[in-house]
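Trainee: Sharing a structure with you now.
The values are calculated or read from the model by the stated rules, or taken from the named source; none is laboratory data. Just so you know, these numbers come straight off a predicted model, no measurement behind them. Here the Cβ is made from the backbone with ideal geometry for all residues, glycine too, and neighbour counts use every protein chain on show.
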Amino acid sequence: MSQPNVLLIVTDHWSAPLLGAAGHSATHTPTLNQLCRNGVRFTNCYSEHPVCLPARRTLMTGTPAKIHGDRTFQPRLEMPNLPTLAQTFRDAGYQAYAVGKTHTYPQRDRIGFDDIQLDDEGRTLYGVTDDYEIFLGDKGYLGRQFGHGMSNNAYQTTPWHLPEEVHATNWATDTLARYIRRRDPQRPAFWYLGYRHPHPPLVPPQRFLDYYADVEIDAPFVGDWAADAAVLPYHLQGVAARGGYSERETTAARKAFYALCTHIDQQIGALIGTIREEGILDDTIIMFTSDHGDMLGNHNLWAKQTFYEWSAGVPMVLMGTANCPRVGYDRTDDRLVCLQDVMPTLLDLAGIPIPDSVEGQSMVSDGRRRTLYGEFGEGGHSSRMLRDETHKLIYYPVGNVFHLFDLENDPDEMHDLAGDPGSANRLESMKGQLLDELYGSDLDWIEDEDFVGAPARTFRPAPNRGLSLTRGHQWPVPPVNPKGDMNFFPEAPE
């Protein structure tokens, strides 16, 4: 076997700063720190569509939303008819297996894998009981995975209520380890591991909460542009409406979130141990990333769907095969990279031709972007981003609002420079570059080659009747429910 094995690990909601190797003051990630020392960490990696489904479509096809068709969050949209990462590996003779969260529809769509052991977070509303729930039933815990009572999209926390060995993070690790042990030794393998955490519910095993009990947790930071929620752009008012957590609740949420990260880090160590014991570690490429990040209260915002660093910035760590000169070791790379680059990078390192449909570029090539474009949403809850090598421009069409940040000198985005006379030339230059990226319904925001946006509005929060997707008991299996989709922005009528 001459081609390398490839392991792609994708978490959910993990922000780029939350690594010890990135200098975070609290998060304990010794395994991932070692992975960084054995490879390269990309310090400017972005989720160009920072919400689960669009980001995962991009990752699995190497294409942006303009090609794959989802820049909002369309849970009943099938994958586009494009070559996927898994199918391309299989076409090259690889065995390809996935475990965990893939977030596809229909849920058993294998998107090119030989097999998927699915953890779809109890989404029986679409008609499938996933493999993790079946596992819990086999272990005598049928219907009890959400017995903790925590919501899938809110930030209250409690310890995991079942034995640690049946936690979703442990199940995903153990299941992929079994695939690795059962591989065909005469063919290379592509393995995908989709951890559902640190996405809420925030339910780490108790021993990981105990680790953070005496750790000083960093407090959220709030930029001068974000201090008054009443003057935020309409979309941000909707995002901010999810908050309202007290200082005590915020600290508890951050501790639990970091505990989930450390739990994953430890399990990645166990998985790498399996690969080493199988004698194939030197022949295996490992990549670690996330679909998007989480604001965790920074700028008084929570979760995703914005282009600030903690939401759109994701970790990107790549370890090559032993002594791989193209990857190197113990280094960082500051180029602008993104999730559509995952597919061409891994194929490039494996020596497999990259499909013509792929728009991303290999991170181990010499290519260097001057700008990176991101987009989320249509209609009122839309935002667009243009990132260059030093600055970031964010556009909110409702109210025709721009935010401009000098990330080189203000990495936490504390000061909006859009109204600064000294930044006027850069603002106009980046606006012109952003104009060139817009398409479809976005063109309604433009007149005479300039931004006019849409009329300003005030967001009026409505009661959150669905409790941010709190799950009930999964036994008996809940029925298919066409009304069960997530409402990210519940709003009262005018």
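Trainee: So which residues in the range 245-300 are touching a Phe, Trp or Tyr at 6+ places or on another chain (Cβ under 7 Å), over 22 Å from residue 159 (Cβ atoms) and part of a loop (DSSP other than H, G, I, E, B)?
Mentor: Once the filter is applied, which keeps residues that are touching a Phe, Trp or Tyr at 6+ places or on another chain (Cβ under 7 Å), over 22 Å from residue 159 (Cβ atoms) and part of a loop (DSSP other than H, G, I, E, B), the range 245-300 yields 293, 295.
Trainee: Is it true that some residue in the range 222-242 is over 29 Å from residue 405 (Cβ atoms), in contact with a Pro (Cβ under 7 Å, 6 or more places away or on another chain) and surrounded by 16 or more Cβ atoms within 10 Å (Cβ to Cβ)?
Mentor: no
Each row is one residue, and each column tells you yes or no for (1) more than 11 Å from the chain's Cα centre (by Cα); (2) buried (at least 22 other Cβ atoms within 10 Å of the Cβ); (3) among the β-branched types (Val, Ile, Thr).
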residue	(1), (2), (3)
20	yes, no, no
24	yes, no, no
28	yes, no, no
32	yes, yes, no
38	yes, no, no
41	yes, yes, no
47	no, yes, no
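Trainee: Would you tally the residues in the range 389-408 being farther than 15 Å from residue 237 by Cα, outside any strand (DSSP E or B) and in contact with a helix residue (DSSP H, G or I) (Cβ under 6 Å, 6 or more places away or on another chain)?
Mentor: Here the count works out to 0.
Trainee: Further question on the same structure: Tell me which of these residue 199 doesn't satisfy, since it passes every other one: (1) closer than 30 Å to residue 165 by Cα; (2) over 24 Å from the mean Cα position of the chain (by Cα).
Mentor: Condition (2) is where residue 199 drops out.
Trainee: What tally of residues in the range 152-195 results from selecting those that are farther than 19 Å from residue 268 by Cβ and either of a type in the set (Gly, Ala, Ser) or not in a loop (DSSP other than H, G, I, E, B) (or both)?
Mentor: The total comes to 2.
Trainee: Let me ask you something else. Tally up the residues in the range 97-129 that are aliphatic (A, V, I, L, M), farther than 18 Å from residue 146 by Cβ and either touching a residue at least 60 places away in the same chain (Cβ under 8 Å) or in contact with a His (Cβ under 6 Å, 6 or more places away or on another chain) (or both), please.
Mentor: 2
Trainee: With the condition kept exactly as written, say whether any residue in the range 92-101 is basic (Lys, Arg), within 20 Å of the chain's Cα centre (by Cα) and either modelled with pLDDT of 95 or more or not in a loop (DSSP other than H, G, I, E, B) (or both).
Mentor: yes
Trainee: Please specify each residue of the range 159-201 satisfying the condition of being among the small types (Gly, Ala, Ser) and closer than 21 Å to residue 13 by Cα.
Mentor: 168, 172, 194
Trainee: Just wondering, is there one or more residues in the range 414-425 that are in contact (Cβ under 8 Å) with a residue 24 or more places away in the chain, exposed (fewer than 12 other Cβ atoms within 10 Å of the Cβ) and assigned to a loop (DSSP other than H, G, I, E, B)?
Mentor: Checked against the condition, which is being in contact (Cβ under 8 Å) with a residue 24 or more places away in the chain, exposed (fewer than 12 other Cβ atoms within 10 Å of the Cβ) and assigned to a loop (DSSP other than H, G, I, E, B), the range 414-425 yields no hits at all.
Trainee: Turning to a different aspect of this structure: Does the range 283-294 contain at least one residue that is surrounded by fewer than 23 Cβ atoms within 10 Å (Cβ to Cβ) and acidic (Asp, Glu)?
Mentor: For the range 283-294, residues surrounded by fewer than 23 Cβ atoms within 10 Å (Cβ to Cβ) and acidic (Asp, Glu): present.
Trainee: In addition: For residues that are farther than 12 Å from residue 274 by Cβ, loosely packed, with under 13 Cβ neighbours inside 10 Å and among the basic types (Lys, Arg), tally how many sit in the range 178-206.
Mentor: Here the count works out to 1.
Trainee: For the range 278-300, how many residues meet the condition of being of a type in the set (A, V, I, L, M) and in contact with a Lys or Arg (Cβ under 9 Å, 6 or more places away or on another chain)?
Mentor: 3
Trainee: Could you tell me which numbered condition residue 363 fails, if it satisfies all but one of (1) of a type outside the set (Phe, Trp, Tyr); (2) closer than 30 Å to residue 228 by Cβ; (3) part of a loop (DSSP other than H, G, I, E, B); (4) under 19 Å from the mean Cα position of the chain (by Cα)?
Mentor: (2)
Trainee: So, one more: Exactly one of these conditions fails for residue 107: (1) under 20 Å from the mean Cα position of the chain (by Cα); (2) over 21 Å from residue 62 (Cα atoms). Give me its number.
Mentor: So residue 107 meets the others, but not (2).
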